[in-house]
Amino acid sequence: MRSVAVVVQPGFAPFEFGLACEAFGLDRSDDGIPNFDFRIVSPDPGVVPSNIGFSINVEKGLDAADDVDILVLAPVPREQWGAIDPRVTELVRRADARGAWLLSVCSGSFVLAAAGVLDGRRATTHWRYAQTMARMYPRIEVDPDVLYVQSGNIITSAGTAAGLDACLHLLRQELGAELANRIARRMVVAPQRDGGQAQFIAAPLPVDTSLSLAPVTEWMLQNLHADLSVERLAARAHMSPRTFARRFKADFGATPAAWLARQRLLHAQRLLEETNLGLDRIASECGFGSAAVLRQNFARTMGLTPTAYRARFSCADDVIAASREAVPA
């Protein structure tokens, strides 16, 4: 069982706080998902007021978070940004020093920034606050256009629902794609939105449904192995390549190439977890062309090789048995 602590301070935002509770605090053992040792902590245990007129009673102080594997920073109100509680920033520094995961939701990134752990790193926050963060902390590379950013052991996320995307991203790395997808299904949310997607999309719902790109993206998902050039996709959508690329970016917040690369990687994760197919076959099925290209893309995005990923997350009985036989007694 891994441990998670969420830090709440006076004026916390209930919805964003609830995201962390939903992601890490529920018992999902009936779905085969391991439970987390989940803790809520505050600098001053007791009644902690939210920003919308009600309070919660927090029983544990910050010392209860000194050994956790994942430390989540809930948003803090604007008036606190220049004076973050030093007890919290010290907790963050200790967690970072021992290699724990640090995850901030929305303006919780200002806590990480105040602790100095984001210096020299790329990070994000809600787009409305990005300029303020960049001005207050010039050593941070603030990206206002993405849903979340992972930099080593630190994940920062934009506002509201982007925090849930960041939580699922972390869960995918800790539990694997299949278990993370089960959690997403229980939440009734999309299992994965890429962190590089735009924080807001120009035209999420076309007025004329005949212009929807959904049939094209469905076809792409069914043909990941094929050569899916923009020209081919545009022809299928009955658009010029330039119009198709512009429309795709407006609807999905990512270029066709970036969206496709993410879908191919997700499919590779599923095949590594659920089958014993060789890397050449998986590369062909997913459209990577060769095992070498699969390894390169997988390692760059996931931080580990396909073989290491399979050893860690495989759900296929024969793969698990083979890996156990390979371990000396």
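Extending 7 Å from Cα along the Cβ direction at Ala214 and again at Asn153 yields two label points whose distance is 4.4 nm.
When the solvent-accessible area of the stretch 1-140 is split by element, carbon and sulfur atoms take up 49 percent of it, the probe being 1.4 Å. Once each part is reduced to its C-alpha centroid, what is the distance from the stretch 211-267 to the stretch 274-301 in angstrom? Centre-to-centre distance over Cα atoms comes out at 20 Å. Computed over protein heavy atoms with a 1.4 Å probe, the carbon and sulfur contribution to the accessible area of the stretch 206-307 reaches 54%. Subtracting the Cα-Cα distance of Glu231 and Arg93 from their residue separation scaled by 0.36 nm leaves 44.7 nm. Excluding ligands, DNA and RNA, the accessible surface per residue across the chain is 47 Å² with a 1.4 Å probe. The calculated 222 nm mean residue ellipticity attributable to helices in the chain amounts to -13500 deg cm²/dmol, summing -39500 (n - 2.57) over DSSP H runs of n ≥ 4 and dividing by all residues. Computed over neighbours whose Cβ is under 10 Å from that of Arg2, the net charge equals -3, Lys and Arg +1, Asp and Glu -1. If you take all other residues with their beta carbon under 13 Å from the beta carbon of Arg39, and give Lys and Arg +1 and Asp and Glu -1, the sum is -4. Here the stretch 139-159 and the stretch 1-56 have alpha carbon centers that stand 21 Å from each other.
Taking 0.36 nm per intervening residue step and subtracting the Cα-Cα distance, what contour gain separates Asp63 from Ala83 on full extension?
Gain in length upon complete extension: 5.1 nm.
Positive contributions from Lys and Arg (+1) and negative ones from Asp and Glu (-1), summed over other residues with Cβ under 12 Å from the Cβ of Arg122, come out at -2.
The values are calculated or read from the model by the stated rules, or taken from the named source; none is laboratory data. Keep in mind it's a predicted model, so treat the numbers as computed, not measured. Glycine gets a Cβ as well: all are built from the backbone with ideal geometry, and neighbour counts include every protein chain shown. To get the accessible areas, we keep the full protein, side chains included, count just its heavy atoms, and leave off ligands, DNA and RNA. Shrake-Rupley method; radii C 1.70, N 1.55, O 1.52, S 1.80 Å.
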